Amino acid sequence: METLERYEPLVDDFEAFLDACRRPLPSVVRVNTIKATPERAKAALDEDGVGWTDREWSDTVLELDTDAPGSTWASYHGWVHGQEEVSAIPAEVLAPEAGERVWDACAAPGSKTTQLAALMDDEGLVVANDNNLGRLSALRFNTERLGVTNAAVTNADARNFSLKPFDLDAFDRALVDVPCSCEGTIRKNPTTLDDWTMDHVRSVAGVQKGILRRAVQATKEGGTVVYSTCTFAPEENEAVVDHVLDEEDCRLVEFDVGLDARPGVAEWDGERFDESVRKAKRFYPHHNDTGGFFCAKLEVAG
Amino acid sequence: MSGESGGGAGKTNVGQRFDRLPETADEREVEGRATRREVVDWWDDRFGVPPETFDGYTFWEKGKGKIWILRGEAPSPIRVEALGMTFLRTRQEHWKPTTDAVQRFGREATRNVIRLTREQARTFVRGEDQELDWDGDWGYLVAAHDQAGAPEPLGVGLYVHGELQSPVPKGRQRDL
């Protein structure tokens, strides 16, 4: 927990924040609308005797009163998928439409890929990329289990991703949910901060900048790019966005999710960022009883 | 690019890429490759899934006999790790649909659907074989049970000699 002390200047009610970080997460699933409506998924959970609670901000996110959401008929059929609540944010913010071409730059293990496909009614194309070959099997397992037929899986370094195999000039949208220091997942994985170092934060931030730049380049003019992490570190969040605002032709745009959030921070550790980074949102564990998360929405200018 | 060009006689399947299935036998260039029409007809003949179910989908072969289904189009050939979903195993005497394909498209099935009780369904998703009475054809069946008010496919089962075998892959098996 000491690692998190550095965020005391950013977080209101810091004790409540630390307390929330020590508690396990509620059990949350997303309804996979490729295979079932929320009503039908809830009926299946009822038949299983598993209690569920709606989440106000999304029709497809449910809290379950079981620690084993995978051990349900609804899960066997691929009607629900265990996915942490904040992890459902970026695909909703990207809001892809049926028939569009969408890039998921860091896709494994596929929770967000399958959510994108569902939002598109499984029409169009999701190019689900991951540079880690070992994680591709989980990605493929999840796309197939959830009945996704509009995804292509690639194994490349997102920083120099090529659209050539797809005969495409540009994507309509891109989701950039990058590898990060994962501080916000401490409720799921209490040892996640054991190996935390500032060196790792700096090195992963370099990779994040490269991936976000490539996503902006690979997205058409007027298209949308969503950048997200599950960490609190401004070095991996606002600083990355600030860098890409400088280097590429894009701008930050406002967005709304029905969850309690705080604006991005425009100043950190003696550094000032572009004021527009305040349009990004920070999600803290004690505000919505979730993991920690960061999300920024960009529009590609030219 | 040698060995990868599309046309010409005597072509064989190339393992590391996806090739789109020819529409019909007349357009077939790779020996033994299933055609789109054969694939769609097979689902109709075997399960009564209407051919128009697959309008808007394309079919691909990667790995000998492994057919994939993609919503929409892609350039052919294409070298990617996966394209849509694994769908059907061909190039063997009895074609075999995948568990995931039967879950996705088996709701449309009207033939060779075996309805299981909840207890039989539990046995099936544990990956266990069970003795069952079945008056219909032997071979691959859509195994289904009632879920939330309507029949829902569990996956593909293999019925032979009075026994329903469960080919549910290990990673998909559950103890429910």
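Before moving on, here are some points about what is shown:
- Selection count, the range B:117-151, where residues are open to solvent by 40 Å² or more (accessible area, probe 1.4 Å), touching a residue at least 12 places away in the same chain (Cβ under 8 Å) and within 14 Å of chain A (Cβ to nearest Cβ): 7
- Listed by first and then second residue, the pairs with beta-carbon distance under 8 Å, at least 6 apart or on different chains, first residue in the range A:78-101 and modelled with pLDDT under 95, second assigned to a loop (DSSP other than H, G, I, E, B), form an empty list.
- Any chance residue A:179 is within 18 Å of residue B:79 (Cα to Cα) and either open to solvent by 30 Å² or more (accessible area, probe 1.4 Å) or within 7 Å of chain B (Cβ to nearest Cβ) (or both): no
- Checking residue A:70 against (1) open to solvent by 50 Å² or more (accessible area, probe 1.4 Å); (2) part of a loop (DSSP other than H, G, I, E, B), the condition it does not meet: (1)
- Residues that are in a helix (DSSP H, G or I) and either within 22 Å of residue A:9 (Cβ to Cβ) or open to solvent by less than 40 Å² (accessible area, probe 1.4 Å) (or both) occur in the range A:216-229; there is at least one.
- Screening residue B:168 against (1) farther than 27 Å from residue A:43 by Cβ; (2) open to solvent by less than 30 Å² (accessible area, probe 1.4 Å) leaves a single unmet condition, (1).
- Scope the range A:256-269; condition open to solvent by 10 Å² or more (accessible area, probe 1.4 Å) and either in a loop (DSSP other than H, G, I, E, B) or out of contact with any helix residue (DSSP H, G or I) (no Cβ under 6 Å at 6 or more places or on another chain) (or both); matching residues: A:256, A:257, A:258, A:259, A:260, A:261, A:262, A:265, A:267, A:269
- Filter pass, residue A:291 being touching a residue at least 40 places away in the same chain (Cβ under 8 Å) and either part of a strand (DSSP E or B) or over 15 Å from the mean Cα position of the chain (by Cα) (or both): no
- Test: residue in the range A:126-146 that is more than 12 Å from every other protein chain (Cβ to nearest Cβ), open to solvent by less than 10 Å² (accessible area, probe 1.4 Å) and either in a helix (DSSP H, G or I) or closer than 18 Å to residue B:17 by Cα (or both): no
- Top-ranked residue of the range A:1-20 - restricted to ones that are out of contact with any Phe, Trp or Tyr (no Cβ under 7 Å at 6 or more places or on another chain) and over 21 Å from residue A:263 (Cβ atoms), ranked as modelled with the lowest pLDDT: A:1
- The set of residues in the range A:155-197 that are over 30 Å from residue A:22 (Cα atoms) and charged (D, E, K, R) comprises A:157, A:159, A:164, A:167, A:169, A:172, A:173.
- Selected residue (only one of A:159, A:173 is within 16 Å of the chain's Cα centre (by Cα) and open to solvent by 20 Å² or more (accessible area, probe 1.4 Å)): A:173
- Residues satisfying the stated conditions in the range A:147-156, i.e. open to solvent by 10 Å² or more (accessible area, probe 1.4 Å) and facing chain B (nearest Cβ under 9 Å): A:154, A:155
- Scanning the range A:36-52 for any residue that is touching a strand residue (DSSP E or B) at 6+ places or on another chain (Cβ under 9 Å), away from every other protein chain (no Cβ under 14 Å), buried (at least 20 other Cβ atoms within 10 Å of the Cβ) and among the aliphatic types (A, V, I, L, M) turns up nothing.
- Residue match in the range A:270-281 (condition: in contact (Cβ under 8 Å) with a residue 60 or more places away in the chain, of a type in the set (S, T, N, Q), open to solvent by 10 Å² or more (accessible area, probe 1.4 Å) and closer than 30 Å to residue A:168 by Cβ): no
Yes/no per residue for (1) among the charged types (D, E, K, R); (2) farther than 15 Å from residue A:34 by Cβ; (3) open to solvent by 10 Å² or more (accessible area, probe 1.4 Å):
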position	(1), (2), (3)
A:87	no, yes, yes
A:95	no, yes, yes
A:100	yes, yes, yes
A:103	no, yes, no
A:107	no, yes, no
A:112	yes, no, yes
A:119	no, no, yes
A:123	yes, no, yes
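- Checked against (1) of a type in the set (Gly, Ala, Ser); (2) surrounded by 20 or more Cβ atoms within 10 Å (Cβ to Cβ); (3) farther than 30 Å from residue A:20 by Cα, residue A:210 meets all criteria but (2).
- Here residue A:79 clears all of (1) more than 9 Å from chain B (Cβ to nearest Cβ); (2) open to solvent by less than 50 Å² (accessible area, probe 1.4 Å); (3) among the aromatic types (Phe, Trp, Tyr); (4) more than 16 Å from residue A:226 (Cβ to Cβ) except the condition numbered (1).
The values are calculated or read from the model by the stated rules, or taken from the named source; none is laboratory data. Remember, predicted model here, so these are calculated numbers, not experimental data. Counting neighbours? That spans all protein chains shown, and the Cβs are built from the backbone with ideal geometry, glycine included. Just so you know, the surface numbers come from the protein's heavy atoms only, side chains and all, with ligands and any DNA or RNA stripped out. Shrake-Rupley method; radii C 1.70, N 1.55, O 1.52, S 1.80 Å.
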